[in-house]
Amino acid sequence: MSTLEIKDLHVTVDTDQGTKEILRGVTLTIESGQTHAIMGPNGSGKSTLAYSIAGHPKYTITSGTVTLDGEDVLAMKVDERARAGLFLAMQYPVEVPGVTVSNFLRTAKTAVTGEAPKLRTWVKDVKEAMGNLRMDPVFAERNVNEGFSGGEKKRHEILQMELLQPKIAILDETDSGLDVDALRVVSEGVNRAKETTGAGVLLITHYTRILRYIKPDFVHVFVDGRIAEEGGSELADRLEAEGYDRFLTTPAEA
Amino acid sequence: MSLLTPQRPADGAHTDSAATMVPDQSRAERTSSFDVSAFPVPAGREEEWRFTPVDRLGRFFRDEATGACLDWSQDLPAGVTLTTMPVQEWRDLGVPQPQDRAAVVAAEHSGGVAVVDVPADTELSEPVRIRLSGAPEQLVHGHLLVRVGRFSRATVVLEHSGVADYSEMLTVLAGDGSDVTLVSVQEWDDRSHHLAQHDVVVGRDASARHIAVTLGGGVVRLNTNTSYTGPGGSFEGLGVYFADAGQHLEHRLFVDHEAPHCRSNVEYKGALQGDTARTVWVGDVLIRASAEGTDTYELNRNLILTDGARADSVPNLEIETGEIEGAGHASATGRFDDEQLFYLMARGIPEDEARRLVVRGFFASVVARIGVPEVQEHLMEAIERELSAGVA
Ligand SMILES: Nc1ncnc2c1ncn2[C@@H]1O[C@H](COP(=O)(O)OP(=O)(O)OP(=O)(O)O)[C@@H](O)[C@H]1O
Ligand SMILES: [Mg+2]
């Protein structure tokens, strides 16, 4: 049983025009087995929240706390956060030329568990997980994300989630760029990982369609760097019907 | 005649390097001669010397013999001979002539040519290995000829180490239909200086590979020139270099396509780490009017690991005939990609290991092409060592 606790998180980035505050007090608690959906318009700060939790150096935490089972996540280095059980499926996964998927997965698994996986079972696990995600076995020998299509990159992210078995997974727009079949396959992957490990999931999305496959327990509407409204899955249906308009203030009011 | 020098923007972050430049003369017009007086002592402003710290290399330009030698040891597979030949006899073979002051002085004062002969119709199962190490007191003029007979297959590995000032003239004659790989490994002590001209003459339907691995030396400058004696020849030029603080590692290639239906492919990759680490790569390709059906490609990539390092990359393609199969080049110099590092670390991989993965990945394509397992393994280990030295 794990708990990721985010309290009053404020985050800035340095831009050419100076420092810009993007997260303006985010408070959120995610427990094992729960699925939280964060929905919000473009530019509202969803990815910033995800990256800040993962420790991307571009973002500066100016106040607030993030803890995983009481441990201070913000004091950990990026790799330590992953080893503590956090996982981020990125909106734009990075290409790493010259590093094969199989080498990368084995290295990551070894790092996360602290020992090299048993070769025979590991090869079988990878094969099976790739098969479930309808990934051609040749991907194992390709370079990480290099030349992958948008959908292939997303499958590869979920493949990692299934193999690395995090306590809490943050999925940043894993649904974007997927066609209907791929969306179903990827959603099944997330549900499988949840079932086998009981992970908590923070699902960041712009659209409601993925929520047909992955049922959220909680929905948070994210606007302008903070949570504007919270509810159950019925809130997603309402957003589907009404859009974000009623949350958006006009520039004059802002 | 057209001078083609497309400017290819680098992918990703870019610390520049001298922009691709159009030379004021064709590469074909560069002086080549056996006569020392044809080459004045360089001042450093000449096109072929403009990147090189000539002020540290005065000894290399002095027109006098020193009589000094490097220490040699060699493994010669059965059938391979090592003999010496008077310089005049070497000239009479019609070999390519020296192309700069250091090379002409080396050829003039070497006192004789060390000749490695692989007879015709011979397939070596083991490489010829020649280990050369330092003779710190005096400048050494080295002169080598590697002759591989027709339809033979041979790999020759030259390994350089220790402290030396070494001026080298090397000719590789790849006989018709032969398959030749020459590997030159520079793992000199940082006090060493090494200037070299390597000429690779590719016979009809022969396949020649020249592989430069440069990991150590205060100044190393390797000029590799390729020419073809008949159609159907193929040349691969591969290079890996890793420059640390204070090192100047320079590789210049010139592929002269005169015979028709020949191929050339050049791939050099380098990493730089540490203040004042410096690398230069110049890739000249000339496709003469007679060289119809030529297919050529050259690529140079540099990875800058720390601030204060500088890589220059100058590809230059001159094409005098439209009847070619293909001609292209790419050159890019980028900083270490922090997004790659973040991605790997976000999967739990510690920073030093993630860095190693990225750098190893950067070199992987060219190392895989070397095809000499012992060289590949040695190289990967050496790169690991360079990286851990850099982190410490
Ligand atoms: N490095 C940066 N420099 C300048 N602005 C930035 C930087 N990073 C993020 N921002 C700005 O912060 C805001 C939030 O960005 P973020 O990527 O978190 O939004 P998002 O909610 O994930 O949007 P989307 O739905 O498009 O993915 C945007 O206005 C963005 O332009
Ligand atoms: Mg986003």
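Legend: P(r) of the range B:337-392 from all alpha carbon pair distances, 5 Å bins from 0, whole percents, reading 4, 19, 25, 21, 17, 10, 4, 0.
Which parts of the range B:352-370, residue by residue, lose 20 Å² or more of accessible area when the rest of the protein chains are there, as against the chain isolated (1.4 Å probe)? Hits at the 20 Å² cut-off: B:Glu353, B:Leu357, B:Gly361.
Straight-line cross-link reach from A:Lys124 at under 17 Å between alpha-carbon atoms covers these aspartates and glutamates, not counting any fewer than eight positions away in the same chain: A:Asp136, A:Glu141, A:Glu162. For A:Lys77, the aspartates and glutamates whose Cα falls under 17 Å of its own Cα, not counting residues fewer than eight places away in the same chain, are A:Asp69, B:Asp338, B:Glu339, B:Glu351, B:Asp352, B:Glu353.
Between B:Ala103, B:Ala245, B:Ala271, the residue with the greatest mean-square fluctuation in the GNM of chain B (Cα pairs under 10 Å linked by springs) is B:Ala245.
Could you calculate, for the range A:50-131, the ratio of the Cα radius of gyration to the Kirkwood radius, expressed as Rg to Rh?
My calculation of the ratio gives 1.03.
What is the percent carbon and sulfur in the accessible area of the range B:14-336, measuring with a 1.4 Å probe over the protein chains and ignoring ligands? Please list the in-between numbers first.
On the way: 4900 of 11120 Å².
Accessible surface attributable to carbon and sulfur in the range B:14-336 totals 44 percent.
Considering only B:Ser152, B:Ser125, B:Ser161, give the residue with the highest GNM mean-square fluctuation for chain B, with springs between Cα atoms whenever their separation is below 10 Å. Fluctuation is largest for B:Ser125.
Taking the chain by itself as reference, the range A:42-80 contains these residues with an accessible-area loss of 40 Å² or more in the full protein complex (1.4 Å probe, heavy atoms): A:His56, A:Val78, A:Asp79. Taking the protein heavy atoms of the range A:5-51 in the context of the full set of protein chains, the accessible area attributed to carbon and sulfur is 38 percent at 1.4 Å.
Can you give the FRET efficiency for A:Asp245 and A:Arg134, using 1/(1 + (r/R0)^6), R0 = 51 Å, r = Cβ-Cβ distance, to the nearest 0.05? Display every interim value, and only then the final one.
Numbers: r = 37 Å, r/R0 = 0.73.
That gives a FRET efficiency of 0.85.
Taking only protein heavy atoms and a 1.4 Å probe, the accessible area of the range B:337-392 is 53% carbon and sulfur.
Size descriptors for the range B:240-310, from the alpha-carbon set: Rg then Dmax equal 15.5, 46 Å. When chains A and B come together, the accessible area they lose, probed at 1.4 Å and totalled over both chains, is close to 1900 Å².
Once R0 is set to 35 Å, what does the formula 1/(1 + (r/R0)^6) return for the Cβ-Cβ distance between A:His206 and B:Asp307, expressed as a FRET efficiency to the nearest 0.05? E(calc), rounded to 0.05, equals 0.35.
Rounded to the nearest 500, the helix-only mean residue ellipticity at 222 nm of the protein assembly as shown stands at -7000 deg cm²/dmol, with each DSSP H run of n ≥ 4 adding -39,500 (n - 2.57).
Could you work out, residue by residue across B:329-342, how many beta carbons of other chains sit within 10 Å of that residue's beta carbon, and then give the average as an integer? Mind dumping the intermediate values first?
Values: counts 0, 0, 0, 0, 0, 0, 0, 0, 4, 4, 7, 7, 5, 11.
Average per residue, whole number: 3.
Pairs spanning more than 21 Å between alpha-carbon atoms, out of A:Lys7/A:Lys215; A:Lys20/A:Lys58; A:Lys154/B:Lys269: A:Lys7/A:Lys215; A:Lys154/B:Lys269. Each label was represented as a point 7 Å from its Cα along the Cα-to-Cβ direction; for B:Val372 and B:Asp121 these points are 2.7 nm apart. Here the spin labels are modelled as points 7 Å beyond Cα on the Cα-Cβ line, and at A:Thr3 and B:Asp275 they lie 5.1 nm apart.
Please return the longest stretch of chain A lacking exposed loop sites, where GluC sites (Glu not before Pro) count only if DSSP places them in a loop and at most 10 other Cβ atoms lie within 10 Å. Display every interim value, and only then the final one.
Values: sites that count: A:Glu115, A:Glu253.
My reading of the result: A:116-252 is the longest stretch.
Computed about its Cα centre, the charge dipole of chain A is approximately 780 debye, with only Lys, Arg, Asp and Glu carrying charge at their Cβ.
With Rh defined as the Kirkwood radius, the inverse of the mean 1/r over Cα pairs, the Rg/Rh of the range B:112-208 is 1.02.
Take every DSSP beta bridge with both residues inside the protein assembly as shown and express the antiparallel ones as a percent of the total, to the nearest 5.
20
The mean accessible area for residues of the protein assembly as shown, using a 1.4 Å probe and ignoring ligands and nucleic acids, is 40 Å² per residue.
The alpha-carbon atoms of chain A define a convex hull whose volume equals 133 cubic angstrom per residue. A DSSP coil position with no more than 13 other Cβ atoms inside 10 Å describes the following GluC sites (Glu not before Pro) in the range B:77-168: B:Glu137. Remark: C-alpha extents of the range B:14-336 on the principal axes read 52, 51, 40 Å, sorted largest to smallest. Taking B:Glu29, B:Glu250, B:Glu126 as the candidate residues, the one with maximal mean-square fluctuation in a Gaussian network model of chain B, Cα springs under 10 Å, is B:Glu29.
Label point of B:Asp55 set 7 angstrom out along Cα-Cβ; within the range B:207-222, amide nitrogens under 16 Å from it belong to B:219.
The values are calculated or read from the model by the stated rules, or taken from the named source; none is laboratory data. Note that this is a predicted model, so its numbers are computed, not measured. Because the Cβ atoms are built from the backbone with ideal geometry, glycine has one as well, and the counts that use them run over all protein chains shown. Calculation scope for accessible area: heavy atoms of the full protein, side chains included, ligands and nucleic acids excluded. Shrake-Rupley method; radii C 1.70, N 1.55, O 1.52, S 1.80 Å.
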